[in-house]
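S.K.: Can you keep this structure in mind? I'll have questions shortly.
Please treat every number below as a calculation from the coordinates, not as lab data. Note that the coordinates shown come from a computational prediction; the quantities given were computed from them, not determined experimentally. Virtual Cβ from ideal backbone geometry, glycine too; neighbours counted across all protein chains shown.
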Amino acid sequence: MLQFTDNKNVSKLLFNIVKEEFSDNIKILEDLVKIGFLWKNKTRTEVGKQDLRVYLDLIIKNGSDEYYVYNSYFSGDKEMKLIKVFDAIELSEEKRKEIIDSIEEDLSSEASLSRNSDNFILPSVNTILYGPPGTGKTYNSIKYAVDTVDTKFNQDGRKYYSDYIEKFNELKEVRKITFTTFHQSYGYEEFIEGIKPNLSDSSDKKDSEGDKPNLSNSSDKKISYEIAEGVFKECCEEAKGKSGNYVFIIDEINRGNISKIFGELITLIEDSKRDGGDEAMSVILPYSKEKFSVPNNVYILGTMNTADRSISLMDTALRRRFEFVEMMPDEDLLDEVVVEEDIKIHEMLKKMNQRIEVLYDREHTLGHAFFMSLKKKEKATINQLESIFKNKIIPLLQEYFYEDYEKIMLVLGIDPQNTDDSKFISVKSNDGLFKNSSEIDLNTTYQINHKAFENPKNYINIYDSISN
């Protein structure tokens, strides 16, 4: 029985068939591309006929993995879609049935491919994405928001992040998605409602645009106060009585004073306490005296940086009402990133995070996002890596370890007693500073050697077992 556990295995099978039976027929591959069955280089880019002619010999002769099977054909009306493919390569009925039976068997297992595997649907009406810095929390919040509002947006699994950004902005414009960021000064007035000053023109004169008061004369200024709705209340009012989901994103949710911001709504956001819930509740708001409840089609999505505040210190009321989705560094995303042909970013980041976890904790590891810019480059250079380390990694490690340079050096694979200034960090020589007090007990001081960041060997030494 043929086994299918990923796209690559299916791809190899199809090309083996091509190699054995139709090695001279380029039309077979063109037909596969025409019906959208292949990916090139693991990306969801359409492959043109010219590309096929360039790569065909490699595929046939060397079993190259340049092309991968597009997995949406293994869900929904699977058999009919597969028949289209098999017709294109003229498979026998017996071979076709064998493949379909194998695929159907794999679809029922955990290793099967799913049409919705690339979709980001929120698991709860109250969700928090949490993890160390640079693990893609804000990045993924955009995907979660879009897929929750429009469940069919990425149904075919072929959308790029740029597509998500475009859709995200469209949904913000029509107020299906709302985005805000908590901070220390954020309060109930900005979130729910409050009394705010309104500066107006007592003479009711308007400017040339017709929508602003003319305040050129200070005597015309008049201050009044009004009750203004906060961003969350506006979102809820927009969603009430309407079909479809709405998403309210709160970036850096743990940086705000939750009790001060949510107030009495900390109870109302519970799934069972929302409109239509088993224990639906409402409150009278303190300023407007209006009756208010939270609709069951408003999804709250928060992001939380665990390096700012440990999850164990989160407000207990908040923790009980939210589901937490952990987002840790995914070094595998950098598996193919190599700088200057020698520096393996995947291994380097993995080794640094293993050391940080031992020296500090797992909540202060380094996210893969710090190095994702290298993946986007056609050929990453040592200058780009140097910039990342000098401007992002080293300052973050200094903050993590309170400038305990011995631990920072251990993370970077450097001997804490190192005096060689060709390494990233070295112990400074203080000889001769106090000539008349030779027995004084001096603190060890360190220096960051900026020239060392230009040397590829220093990055390799972070993970190389011989150097360590």
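S.K.: Amide H of residue 325: which non-local residues (sequence gap of 5 or more, or other chain) have their own amide H closer than 5 Å, using H built in the peptide plane?
M.R.: For residue 325, whose amide H was placed from the backbone, the distant partners under 5 Å are 128, 129, 130.
S.K.: Quantify how much of the Cα-Cα distance distribution of the range 226-328 extends past 22 Å, in percent.
M.R.: 33 percent
S.K.: So, one more: Relative contact order for the range 232-360: what percent, with Cα pairs under 8 Å and sequence separation of 6 or more?
M.R.: Relative contact order comes out at 24 percent.
S.K.: So for the pair residue 332, residue 278, with labels modelled 7 Å out along Cα→Cβ, what separation do we get in nm?
M.R.: Output for this residue pair reads 3.7 nm.
S.K.: Once the other residues with Cβ under 14 Å from the Cβ of residue 451 are scored (Lys, Arg +1; Asp, Glu -1), what is the net sum?
M.R.: The answer is -1.
S.K.: For residue 267 and residue 422, FRET efficiency with R0 = 45 Å and r from the beta-carbon atoms, rounded to 0.05?
M.R.: 0.15
S.K.: Sticking with this one: Hey, how much of the P(r) for the range 250-300 falls beyond 12 Å, as a percent of Cα pairs?
M.R.: Distances greater than 12 Å cover 66 percent of the Cα pairs.
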